[in-house]
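Beneath this line is the structure, given in structure tokens, with notes to follow.
The values are calculated or read from the model by the stated rules, or taken from the named source; none is laboratory data. Just so we're clear, the structure is a prediction, and the values are computed from it rather than from any experiment. All Cβ positions, glycine included, derive from the backbone under ideal geometry; neighbour counts span all protein chains shown. Accessible surface is based on the protein model in full, side chains and every heavy atom, while ligands, DNA and RNA are left aside. Shrake-Rupley method; radii C 1.70, N 1.55, O 1.52, S 1.80 Å.
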Amino acid sequence: MRETQAQTVQVSPLSDDLAFLDIVTAWDLETPYHDWRVSIVVPDTFRPNPRMPRVITVANQKGGAGKTLTAFELAMGLVARGLRVRLIDADPQSAALTAWLIACFPEGKRWTLTDVLMERCSLADATYPTPYIGLHMVVSAPDLGEVENSHKKPPGVESLIQHHLSSEKDFDVTVIDSGPSLGLPTVASLVAAHDVIIPVQAASGLDVKGAASLMQTVKQVKTRLNPELRIAATILTDFDKSSLARTIGAKMTKAFPGALVVPARRSVRVGEAQLAMKPLRLFAPGTSTTLDYDLAAALLIGATVPAQRAAR
Ligand SMILES: Nc1ncnc2c1ncn2[C@@H]1O[C@H](COP(=O)(O)OP(=O)(O)O)[C@@H](O)[C@H]1O
Ligand SMILES: [Mg+2]
């Protein structure tokens, strides 16, 4: 881990007075639209995992599903709980996390995830501070997608991130934002993970299909390379309470029993925050979307949720 530049922005907990979502064990689809309250599903079989250090990979092979927003806001929610968090950008696309979240590089060589996978440096060498106290990151590069076909790639490259993480103790949680293909960077991210989080656009049947094919890959990785892997949550991004969104939520509950189903409500502030290159959580702290990610972060690690929510 590099400590070359000061981190200056403190990420504080959100106020308990804000309007967080209710927590339920299942959605009632019979309730008419006007009476139905948006809520987070925490099934009876869901188990939070407070064990640290842990690795959470955000994946869906469909682009535009909300992976990057989910990875970033979950990471910020964990930082606000006092955890030391590292974000890894495993998406070679330039419009991803690396463009949004500015790492503080020292003078000289800048290592990227490509260098880690090509064994030119360690994961710690490629981990840089960000402006946010408690948050570090590993950046992506356009050549990340080329590692897969490189004749120089090291043997067992799909286990390299896991290998580095298993010998490091600098971070409580590592959150990996994966790209839209099921290629090598995504497989390496799944091999390294304890938890998978699957975002789907609440109004997109295609994202649900992307989730289904991801499921096959998760099963294969679990059987062959990482028996600990589990699907911990699905996030219904850009959620708007339409009947389609409710139906997709119900499908996800059925497809991934034991996983949280978290609506991350639609807000125009998301695009505004991206334009301002700021985390949504700091750009608009009371925004419904931020509250939804904050609650999801708490539920995933078994942190205390404020009494007003737990009492409902
Ligand atoms: N809750 C939300 N409210 C408004 N826009 C959203 C919300 N969630 C996601 N989006 C928009 O969806 C688009 C895709 O999100 P992104 O995180 O980049 O997806 P991916 O990483 O899967 O390609 C972005 O333009 C983002 O602004
Ligand atoms: Mg992305």
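Note on residue 167/residue 34: beta-carbon distance plugged into 1/(1 + (r/R0)^6) with R0 of 51 Å gives a FRET efficiency of 0.40.
Beta bridges assigned by DSSP with both partners in the chain are antiparallel in approximately 10 percent of cases. Helical content alone sets the calculated 222 nm signal of the chain at -9000 deg cm²/dmol, taking -39,500 (n - 2.57) per DSSP H segment of four or more residues and averaging over every residue. What you get for region 251-300, charging only the Cβ of Lys and Arg (+1) and of Asp and Glu (-1), is a dipole of about 160 debye around the Cα centre. Accessible surface for region 51-109, divided over its residues, is 32 Å² per residue with a 1.4 Å probe. Bridging of residue 152 to lysines at a Cα separation below 22 Å is possible for 109, once same-chain residues fewer than 8 apart are set aside. Placing +1 on the Cβ of every Lys and Arg and -1 on the Cβ of every Asp and Glu, with no other charges, gives the chain a dipole of roughly 420 debye about its Cα centre. Think of a 1.4 Å ball rolled over the protein heavy atoms: region 173-277 then has 38 Å² of accessible area per residue.
Just give me a number: lysine pairs in region 198-312, eight or more positions apart or cross-chain, with C-alpha atoms less than 25 Å apart. The number of close lysine pairs in region 198-312 is 11. Based on Cα contacts under 8 Å between residues 6+ apart, the chain shows a relative contact order of 27 percent. Computed in the context of the full set of protein chains, the accessible area of the chain at 1.4 Å probe radius has 54% of its extent on carbon or sulfur. With contacts taken as Cα pairs under 8 Å and at least 6 residues apart, region 232-291 reaches a relative contact order of 34 percent.
Candidates 304, 128, 9 compared by Cα position along the dipole of the chain: farthest toward the positive end lies 304, with charges placed on Cβ. Ordering 235, 179, 97 by Cα displacement along the dipole of the chain toward the positive end leaves 235 in first place; charges were set at the Cβ atoms of Lys, Arg (+1) and Asp, Glu (-1).
Bridge orientation summary for region 30-175: considering DSSP beta bridges with both residues in this region, about 25 percent are antiparallel. Relative intensity of the chain on a log10 scale, I(q)/I(0) at q = 0.06, 0.08, 0.13 Å⁻¹, equals -0.18, -0.32, -0.88, per a Debye sum over C-alpha point scatterers of equal strength in the absence of solvent. Note: relative contact order over region 76-233, using C-alpha pairs below 8 Å and six or more positions apart, is 25 percent.
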